[in-house]
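Take a look at the structure below.
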Amino acid sequence: MRIISFNANGLRSAATKGFFDWFGTQGADVLCVQETKAQEHQLAEATFRPAGYRAWFRDASTKKGYSGVAIYSRNEPDEVRTALGWAPFDDEGRYLEARFGNLSVVSFYIPSGSSGDERQAFKFKVMDWLGPVLEQWLASGRDYVLCGDWNIVRSRLDIKNWTSNQKNSGCLPPERDWLNALCRDERGWLDTYRMLRPEGQDYTWWSQRGAARAKDVGWRIDYQLVTPSLRDRLRACAICKDPRFSDHAPYTVDYDYEF
């Protein structure tokens, strides 16, 4: 099973840069997209519906052209869930879950706080509210793959300029503490990249200022977090920095899993 997670920063924009042509060569079973920045009716053309895949969307209802998540799958899910039960989060189009038997694949888009104090406060509220939900999922007995842009780095290995970003959203100590607590030990969520590349220093996002991507001055904020039940099923991962479809790079994980 191959799953790709990708923050498109506008799926229509990514498509014009050849994203779906690239995707068609990847042999993925599931694609999770964040920041579609569109309403579903704007993504009805064949360009956005690759052959062999079904697509599901959760658009932002609070503001058009904002946020939004999607899941593309070769297999038909048994169920698709579009809300977690807290309107401030759900209505921004930040969660979509496809269920295949005992497997749940989630496309998540955790808020950024970089635009100012108000959004950072909302990010902290999301973290407080989401933590117990994720603990319930861990205890459920289901296999979960949580794909998405979490807008938080975990450690010095995950960001080029560690020291200078300690007071910036995405690298704040309380944010890192929260995410690392989720991945606390063998009973917590597993960071697939870190499991497969314990000392890796690859990034998934680069600022669009100052030639950051060319200089590889990046952050690793896109993850596939999985339940411990999938520990022995992890096979390989890749961050596909080139070609460039967005300010984020697609993140691919291969699992020894049939669904």
Unique match (being of a type in the set (A, V, I, L, M, F, W, C) and more than 17 Å from residue 223 (Cα to Cα)) among 60, 70, 28: 60
Some residue of region 129-150 being under 17 Å from the mean Cα position of the chain (by Cα), in a loop (DSSP other than H, G, I, E, B) and surrounded by 13 or more Cβ atoms within 10 Å (Cβ to Cβ): yes
Residue pairs meeting the criteria (Cβ under 6 Å; at least 6 apart or on separate chains; first farther than 16 Å from residue 151 by Cα, in region 214-230; second in a strand (DSSP E or B) and of a type in the set (Asp, Glu)): 227/143; 229/143; 230/143
Leading residue by the ranking (farthest from residue 147 (Cα to Cα)) among those in region 4-21 that are loosely packed, with under 15 Cβ neighbours inside 10 Å and not charged (D, E, K, R): 16
Qualifying positions in region 111-122 - over 25 Å from residue 98 (Cβ atoms) and either part of a loop (DSSP other than H, G, I, E, B) or modelled with pLDDT of 95 or more (or both): 113, 114, 115, 116, 118, 119, 120, 121, 122
Search result, residues across region 44-74 that are closer than 18 Å to residue 16 by Cβ, surrounded by 15 or more Cβ atoms within 10 Å (Cβ to Cβ) and at pLDDT below 95: none
Residues being touching a residue at least 40 places away in the same chain (Cβ under 8 Å) and farther than 20 Å from residue 4 by Cβ - total across region 36-87: 2
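The values are calculated or read from the model by the stated rules, or taken from the named source; none is laboratory data. These figures come from a predicted structure and were not determined experimentally. Note that we place each Cβ from the backbone using ideal geometry, even for glycine, and neighbour counts take in every protein chain shown.
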